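Structure, as structure tokens:
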């Protein structure tokens, strides 16, 4: 299980190698997507992640966390390949929906795999410590990616996405070397997936605080995410040099 921990550290760093994120709106505009279309695409992304959050959680129990992460990171590779080499509304909409599927499948899966790997080694008491180190790695990687990404955009608008592709591809490759700490739940099956989904929805209906989180928390989070996504266009509008946008985006992300 020590190998799992090392791979989680490495992939956590590599997955932040998405250099286009700090200049996302500007990147889309440079790729022949209007700001209005960009807003629609981001809304579609938010809806995809919201709708698939529960089903993909069940899928992780069926397939196992390793396979779920492989599929999720394959989605990221496909998304970035489209962003790097294509232009226009429809390709970028498809790419972002695929990204939403990847986000839904990876949501919570990496953390669960980290805990299970420690538990299998009888080191679950070190979970918070290890998780904190993983978060530190992601923050450092995010800072490097954001600052570098904004600079790359000033050289060529497509360069941030092109540069991202080998980083995310390497993260996908390393994911194949993970070891599943525990076998997938044999009591679950694709044939009764609907039953488990109905049970989940029933739980949702019986608990008010869960409904509150979904109906208020998730839309609010999505709205904030969309506003942050637009930020690079705003910064350019108020004449902030693009090369400094990455620094600002990193500070905002930390807050």
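Full extension of the chain between residue 30 and residue 47 yields a length gain of 3.7 nm, computed as 0.36 nm times the residue separation minus the alpha carbon distance. Per-residue extension of 0.36 nm, minus the Cα-Cα distance of residue 252 and residue 228, leaves a gain of 7.8 nm for this segment.
Here each label is just a point 7 Å from Cα along the line to Cβ, and for residue 221 and residue 94 those points are 2.9 nm apart. The angle between the Cα long axis of helix 127-155 and the main principal axis of the chain comes to about 20°, on a 0 to 90 degree scale. Note on residue 40 and residue 87: the model spin-label points, each 7 Å out from Cα along the C-beta direction, lie 1.9 nm apart.
Give me the angle, in degrees from 0 to 90, between the Cα long axis of helix 89-106 and the longest principal axis of the Cα atoms of the chain, rounded to the nearest 10. So the helix axis and the longest Cα principal axis differ by about 30 degrees.
Highest mean packing comes first when the peptides 120-128, 79-87, 16-24, 102-110 are listed by Cβ atoms within 10 Å, giving 16-24, 102-110, 79-87, 120-128. Rounded, prolate or oblate: which one fits the stretch 1-55, using the alpha carbon gyration tensor with axes a ≥ b ≥ c (rounded when a/c is under 1.5, else prolate when a/b beats b/c, else oblate)? Cα axes put the stretch 1-55 in the oblate bin.
Using Cα atoms only, what is the angle between the long axis of helix 109-120 and the major principal axis of the chain, expressed in degrees (0 to 90) to the nearest 10? So the helix axis and the longest Cα principal axis differ by about 40 degrees. Each of the peptides 135-141, 233-239, 166-172 was scored by the mean count of other Cβ atoms within 10 Å over its residues; in descending order, highest first, they stand as 166-172, 135-141, 233-239. Once a ≥ b ≥ c are taken as the square roots of the eigenvalues of the Cα gyration tensor of the stretch 96-156, is the result rounded (a/c under 1.5), prolate (a/b larger than b/c) or oblate (a/b not larger than b/c)? Oblate shape, in that a/c is at least 1.5 and b/c is the bigger or equal ratio. Each principal axis of the Cα atoms in the chain has its own extent, and those three values, largest first, are 56, 40, 32 angstrom. Rounded to 0.05, the FRET efficiency of the residue 155 and residue 126 pair, given R0 = 30 Å and the Cβ-Cβ distance, is 0.10.
Between residue 54 and residue 236, the C-beta separation translates, for a Förster distance of 35 Å, into a calculated FRET efficiency of about 0.40.
Bear in mind these aren't lab numbers, they're just calculated from the coordinates by the rules spelled out. On a predicted model such as this, the values are computed, not experimentally measured, just so you know. Heads up, the Cβs are rebuilt from the backbone with ideal geometry, glycines too, and the neighbour counts pull from every protein chain shown.
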